[in-house]
Amino acid sequence: MTTLGVQLPGLDLKNPIMPASGCCGFGEELGNLYDLNQLGAIMIKAATSKPRFGNPTPRVAETPQGMLNAIGLQNPGVATIVAEKIPKLHAKFKDLPIIANVAGSAQADYVAVCDQISRAPGVSAIELNISCPNVAHGGMEFGVDPTAAFELTKACVNVSAVPIYVKLSPNVTDIREIAKAVAMAQPAGFTLINTLVGMRFDLTTRQAILANQTGGLSGPAVLPVALRLIHQVRSVCDLPIIGMGGVTCAEDVLEMIIAGADAVAIGTANLTDPFACPEIITALPAVMAKYHISSIESLIHERKGKLVK
Amino acid sequence: MIKDYTLTVTNQIEVADTIYELTLAGAITKDPIAAGQFVNVKIPNPAYILRRPFGIAEVNVAQGYIKLIYRVVGDGTQILAQLSKGATLNVLGPLGHGFPSEFLNQNADVLIIGGGTGLPPLYELSRRLYHEGHHLDIALGFPNKQRIFYEAKMSQFGHTMVSTDDGSYGLQGTIIDLIDQNFTDKSYQAIYACGPRGLELAVSAHFKGHPHAYISAEARMACGIGICNACVLHTTADTSGATNKKVCTDGPVFHINEVVL
Ligand SMILES: Cc1cc2nc3c(=O)[nH]c(=O)nc-3n(C[C@H](O)[C@H](O)[C@H](O)COP(=O)(O)OP(=O)(O)OC[C@H]3O[C@@H](n4cnc5c(N)ncnc54)[C@H](O)[C@@H]3O)c2cc1C
Ligand SMILES: Cc1cc2nc3c(=O)[nH]c(=O)nc-3n(C[C@H](O)[C@H](O)[C@H](O)COP(=O)(O)O)c2cc1C
Ligand code: FES
């Protein structure tokens, strides 16, 4: 057992850290700044069946210790992603497990994209995005309805050649109900949280700052909400959880694992500092030593012993 | 090479009402910087997680500093304006693509069009083009007399004329009026413009079809390095489809026919 390594279905992670979907493109730009083989894995930008321009601009607005985004799942479509983006990333960083983020507006789209992308060389797992708040149809509609979430997950699990992690929305009354329903479809695990729906207005124009009106809140401001939701999902199921939401440092990573996560994704912090992930990986061993944590796996093990169902 | 540099404030002066010139020293000048590239500046207060983009106004390789010129418009720029000598800033850069000029003939005639805080990257461009021996005509527009900066500095590089929206200095009118009245007798090999969206739209319409007319676009950004898709524009070749250009990595400089502003 290495100090930082974590084993999850389909994912042999040398450390628990990975950039979150939408905050690292398809790895091309970050890959020019540092060696991505250092990362535990990478969660690439959402793929949909057809190319999408996404929402009109402005697409981002700042909030205290956070930001709103309404990108609207801009991507070049699954065909281009499978033919160009993934091969390029895989050829340059052979040791980097790729987690493909899949989105859509109808169940058939999700299924077709999962089928195609799960067979791309280098793709180790799928993150099923049933929680995007920034599209008119699909996305979060699936993630807030237990029956629809179950059906969709089941259909995707059936066609996928790699393990599926379902990305849960925080914009629900009780995340445990959704998690329990999705778990019945036997995915490999969960990822959470996606962004929280929010708004900001401009005092001069009296209009919403985002062209889409609403956007998803992320960044340090959401950390406590993410921790609580991860803890809630952990209390009702044993499936692996990749935690995310507001993580900026090694201490936050350990806190996520204590709350119930088995690995941790870093989103907005990459936008503030593109070197955030390698910096956190470098900082982890010393912070672990400070808190007498011999390895990430041991911390997960310790948590399992303590958690009361 | 893009790096997150720690730069030291060596000077900060108010060059016009609410407009500051910030001198930052450090290793960023050790690698090449093109005129028209920008930096993404971390606001030195943890409450602000998005960096602020600013054009690089001057590069001094010998003395190891860059200058930024910015107007105080909100919280981030207000915080920057309070920095004094010795303070440090995290500056990501150099970012984006600069103004293309390799195609220019010797001693080419060039028109520079700057509006307000669009002027900074054009200062460095003008400085370089002048030293390469090109002939510059320079049209500058400002809202009013109080907000004028760098008129004298730009005049070193070529024939410089100023307009103001309210007529408190120079010609009263838009920058297109200024061009129509003063800069019509030459056919310029290249036109370089940077300013508010209205100015860039007007310049794009005025010089439609010109093979070497370039604008530097602005956009709400987050990462500044192409990973978040905040800053996209439609292209003129596909005005409503999924094709797009990112201002931060494909720009900020574009040919006027390339993108939908
Ligand atoms: C490539 C590029 C180069 C620029 N160069 C210069 C320059 O040389 N000099 C200069 O004065 N200004 C420049 N700007 C505009 C400058 O980035 C904004 O004025 C600045 O970000 C405002 O920050 P704030 O915190 O004071 O304003 P706030 O309104 O408090 O900022 C809130 C958020 O909105 C964003 N924002 C606000 N206004 C703008 C704007 N006009 N463009 C883009 N984002 C904005 C901020 O970055 C921040 O994320 C440039 C913008 C771009 C995209
Ligand atoms: C600019 C931006 C784009 C995003 N795009 C996606 C996306 O395409 N698919 C997805 O599942 N999540 C997307 N997210 C959500 C993040 O992956 C992550 O779940 C969320 O931001 C919380 O983590 P953070 O606070 O570390 O950013 C995006 C977030 C941001 C800020
Ligand atoms: S600002 Fe992030 S892609 Fe341009």
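Regarding A:Val182, is this residue closer than 21 Å to A:Ala259 by Cβ and more than 14 Å from ligand 2 (Cβ to nearest atom)? Spell out the reasoning first.
Numbers: closer than 21 Å to A:Ala259 by Cβ: yes; more than 14 Å from ligand 2 (Cβ to nearest atom): yes.
Considered against the rule, which asks whether it is closer than 21 Å to A:Ala259 by Cβ and more than 14 Å from ligand 2 (Cβ to nearest atom), A:Val182 comes out as yes.
Return a yes/no flag: does segment B:240-254 have any residue that is among the β-branched types (Val, Ile, Thr), within 24 Å of A:Cys23 (Cβ to Cβ) and at pLDDT 95 or above. Even if it seems obvious, please write down each step before you answer.
Step one: of segment B:240-254, the residues among the β-branched types (Val, Ile, Thr) are B:243, B:247, B:249, B:253.
Subset that is within 24 Å of A:Cys23 (Cβ to Cβ): B:243, B:247, B:249.
Cutting the leftovers down to at pLDDT 95 or above gives us B:247, B:249.
Scanning segment B:240-254, I find at least one residue that is among the β-branched types (Val, Ile, Thr), within 24 Å of A:Cys23 (Cβ to Cβ) and at pLDDT 95 or above, so the answer is yes.
Run down B:Thr160, B:Thr236, B:Thr249 and say which single residue is more than 17 Å from B:Gly141 (Cβ to Cβ), surrounded by 15 or more Cβ atoms within 10 Å (Cβ to Cβ) and more than 11 Å from every other protein chain (Cβ to nearest Cβ). Give the steps one after another, and end with the answer.
Working: B:Thr160 fails: more than 17 Å from B:Gly141 (Cβ to Cβ); B:Thr249 fails: more than 11 Å from every other protein chain (Cβ to nearest Cβ).
Going through B:Thr160, B:Thr236, B:Thr249 in turn, the sole match is B:Thr236.
Which number in (1) more than 14 Å from chain A (Cβ to nearest Cβ); (2) away from ligand 1 (no atom under 11 Å from the Cβ); (3) surrounded by 23 or more Cβ atoms within 10 Å (Cβ to Cβ) marks the one condition that B:His135 misses?
That leaves (3) as the condition not met.
Check A:Ile17, A:Ile71 and return the single one that is of a type in the set (Val, Ile, Thr), surrounded by 20 or more Cβ atoms within 10 Å (Cβ to Cβ) and within 11 Å of ligand 2 (Cβ to nearest atom). Show your work before the answer.
On the way: A:Ile17 fails: within 11 Å of ligand 2 (Cβ to nearest atom).
From the options A:Ile17, A:Ile71, the qualifying one is A:Ile71.
Return only the number of the condition from (1) exposed (fewer than 14 other Cβ atoms within 10 Å of the Cβ); (2) assigned to a loop (DSSP other than H, G, I, E, B); (3) among the hydrophobic types (A, V, I, L, M, F, W, C) that B:Ala205 does not satisfy.
Checking B:Ala205 against (1) exposed (fewer than 14 other Cβ atoms within 10 Å of the Cβ); (2) assigned to a loop (DSSP other than H, G, I, E, B); (3) among the hydrophobic types (A, V, I, L, M, F, W, C), the one that fails is (2).
Looking at this structure, is B:Tyr130 away from ligand 3 (no atom under 16 Å from the Cβ), aromatic (Phe, Trp, Tyr), in contact with a Gly (Cβ under 9 Å, 6 or more places away or on another chain) and in contact (Cβ under 8 Å) with a residue 40 or more places away in the chain? Steps first, please.
On the way: away from ligand 3 (no atom under 16 Å from the Cβ): yes; aromatic (Phe, Trp, Tyr): yes; in contact with a Gly (Cβ under 9 Å, 6 or more places away or on another chain): yes; in contact (Cβ under 8 Å) with a residue 40 or more places away in the chain: no.
In short, no.
Does segment A:127-135 include one or more residues that are away from ligand 1 (no atom under 16 Å from the Cβ) and without any contact (Cβ under 8 Å) to a residue 60 or more places away in the chain? Don't jump to the end; show me each part of the working.
Here is the first cut: in segment A:127-135, the residues away from ligand 1 (no atom under 16 Å from the Cβ) are A:127-135.
Next, from what is left, pick out any that are without any contact (Cβ under 8 Å) to a residue 60 or more places away in the chain: A:128, A:130.
Yes.
With a cut-off of at least 2 residues that are within 26 Å of A:Val135 (Cβ to Cβ) and touching a residue at least 24 places away in the same chain (Cβ under 8 Å), name the strands (runs of 3 or more DSSP E) lying wholly within segment A:1-108. Walk me through it before giving the result.
Numbers: elements: A:6-8, A:11-13, A:17-19, A:60-63, A:66-69, A:98-102.
So the answer is A:17-19, A:60-63, A:66-69, A:98-102.
Kindly establish whether B:Leu111 is assigned to a strand (DSSP E or B) and either within 12 Å of ligand 1 (Cβ to nearest atom) or more than 14 Å from chain A (Cβ to nearest Cβ) (or both).
Judged against the criteria, B:Leu111 is a match.
May I ask you to list the residues in segment A:136-186 that are touching a Gly at 6+ places or on another chain (Cβ under 6 Å) and in a loop (DSSP other than H, G, I, E, B)?
A:Gly138, A:Val162, A:Pro163, A:Ser169, listed by residue number.
I'm told A:Leu210 meets every condition in (1) out of contact with any strand residue (DSSP E or B) (no Cβ under 8 Å at 6 or more places or on another chain); (2) within 16 Å of ligand 3 (Cβ to nearest atom) except one. Can you identify the failing condition by its number?
A:Leu210 satisfies all of (1) out of contact with any strand residue (DSSP E or B) (no Cβ under 8 Å at 6 or more places or on another chain); (2) within 16 Å of ligand 3 (Cβ to nearest atom) except (1).
Can you tell me which residue is nearest to A:Phe190 (Cα to Cα) among those in segment A:45-68 that are under 18 Å from the mean Cα position of the chain (by Cα) and facing chain B (nearest Cβ under 8 Å)?
From segment A:45-68, those under 18 Å from the mean Cα position of the chain (by Cα) are A:45-48, A:66-68; that's our starting set.
Now restrict to residues that are facing chain B (nearest Cβ under 8 Å): A:45, A:66-67.
Values: A:Lys45: 17, A:Gly66: 23, A:Met67: 24 Å.
Filtering first and then ranking leaves A:Lys45.
Okay, residues lined up against (1) on the phi < 0 side of the Ramachandran plot; (2) under 13 Å from the mean Cα position of the chain (by Cα); (3) outside the structural domain of B:His212 (by TED's automatic domain parsing):
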position	(1), (2), (3)
B:Tyr70	yes, yes, yes
B:Asp75	yes, no, yes
B:Leu80	yes, no, yes
B:Leu83	yes, no, yes
B:Leu89	yes, no, yes
B:Ser101	yes, no, yes
B:Tyr123	yes, yes, no
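Could you tell me which residue of segment A:27-39 is farthest from the other protein chains (Cβ to nearest Cβ), considering only residues that are farther than 16 Å from A:Leu11 by Cβ and surrounded by fewer than 23 Cβ atoms within 10 Å (Cβ to Cβ)?
Only one residue tops the list, namely A:Asp35.
With respect to B:Thr88, determine if the residue is out of contact with any Asp or Glu (no Cβ under 6 Å at 6 or more places or on another chain), within 14 Å of chain A (Cβ to nearest Cβ) and over 28 Å from B:Asp180 (Cα atoms).
Values: out of contact with any Asp or Glu (no Cβ under 6 Å at 6 or more places or on another chain): yes; within 14 Å of chain A (Cβ to nearest Cβ): no; over 28 Å from B:Asp180 (Cα atoms): yes.
Answer is no for this residue.
Among the residues of segment B:162-170, are any under 28 Å from B:Thr77 (Cα atoms) and within 14 Å of the chain's Cα centre (by Cα)?
No, every residue in segment B:162-170 fails to be under 28 Å from B:Thr77 (Cα atoms) and within 14 Å of the chain's Cα centre (by Cα).
Taking A:Val308 as meeting all but one of (1) over 20 Å from the mean Cα position of the chain (by Cα); (2) at pLDDT 95 or above; (3) of a type in the set (A, V, I, L, M, F, W, C), write down the number of the exception.
(2)
Taking B:Gly76 as meeting all but one of (1) within 14 Å of chain A (Cβ to nearest Cβ); (2) not in a helix (DSSP H, G or I), write down the number of the exception.
(2)
If you scan segment A:20-44, which residues turn out to be of a type outside the set (A, V, I, L, M) and under 16 Å from A:Phe190 (Cα atoms)? Talk me through it step by step, then tell me what you get.
Taking segment A:20-44 first, the residues of a type outside the set (A, V, I, L, M) are A:21-29, A:31-32, A:34-35, A:37-38, A:40.
A:Ser21 - this is the single residue of segment A:20-44 that is of a type outside the set (A, V, I, L, M) and under 16 Å from A:Phe190 (Cα atoms).
For residues that are surrounded by fewer than 22 Cβ atoms within 10 Å (Cβ to Cβ) and within 25 Å of A:Ser294 (Cβ to Cβ), tally how many sit in segment A:224-238. If you could, list the steps in order and put the result at the bottom.
First, pick out the residues of segment A:224-238 that are surrounded by fewer than 22 Cβ atoms within 10 Å (Cβ to Cβ): A:224-225, A:228, A:231-232, A:235-238.
Then drop every residue that is not within 25 Å of A:Ser294 (Cβ to Cβ), which leaves A:231, A:238.
Here the count works out to 2.
Condition (residue is without any contact (Cβ under 8 Å) to a residue 24 or more places away in the chain and either on the phi > 0 side of the Ramachandran plot or not assigned by TED's automatic domain parsing to the domain that holds B:Phe38 (or both)) applied to segment B:182-192: is it met by at least one residue?
Taking segment B:182-192 first, the residues without any contact (Cβ under 8 Å) to a residue 24 or more places away in the chain are B:184-185.
Now restrict to residues that are either on the phi > 0 side of the Ramachandran plot or not assigned by TED's automatic domain parsing to the domain that holds B:Phe38 (or both): B:184-185.
Yes, that holds for at least one residue.
How many of the residues in segment B:57-73 are in contact (Cβ under 8 Å) with a residue 40 or more places away in the chain, part of a loop (DSSP other than H, G, I, E, B) and under 15 Å from B:Leu7 (Cβ atoms)?
1
Checking A:Pro87 against (1) more than 13 Å from chain B (Cβ to nearest Cβ); (2) in contact with a strand residue (DSSP E or B) (Cβ under 9 Å, 6 or more places away or on another chain); (3) more than 18 Å from A:Cys277 (Cβ to Cβ), which single condition isn't satisfied?
Failing condition for A:Pro87: (2).
Evaluate segment B:174-195: report whether one residue or more is in a loop (DSSP other than H, G, I, E, B), aromatic (Phe, Trp, Tyr), at pLDDT 95 or above and more than 16 Å from ligand 2 (Cβ to nearest atom).
Initially, segment B:174-195 is screened for residues in a loop (DSSP other than H, G, I, E, B), giving B:174, B:183-189, B:195.
Next, from what is left, pick out any that are aromatic (Phe, Trp, Tyr): B:183, B:188.
Okay, now just the ones that are also at pLDDT 95 or above, so B:188.
Okay, now just the ones that are also more than 16 Å from ligand 2 (Cβ to nearest atom), so B:188.
There is at least one residue in segment B:174-195 that is in a loop (DSSP other than H, G, I, E, B), aromatic (Phe, Trp, Tyr), at pLDDT 95 or above and more than 16 Å from ligand 2 (Cβ to nearest atom).
Name the residues in segment A:273-301 that are within 14 Å of another protein chain (Cβ to nearest Cβ) and crowded, with 24+ Cβ neighbours inside 10 Å, would you?
Step one: filter segment A:273-301 for residues within 14 Å of another protein chain (Cβ to nearest Cβ), giving A:273-279.
Those that are within 14 Å of another protein chain (Cβ to nearest Cβ) and crowded, with 24+ Cβ neighbours inside 10 Å: A:Pro274, A:Cys277.
The values are calculated or read from the model by the stated rules, or taken from the named source; none is laboratory data. As the structure is a prediction and not an experimental result, all values here were calculated from the model. Cβ coordinates were reconstructed from backbone atoms using ideal geometry, including for glycine residues, and neighbour counts include every protein chain displayed.
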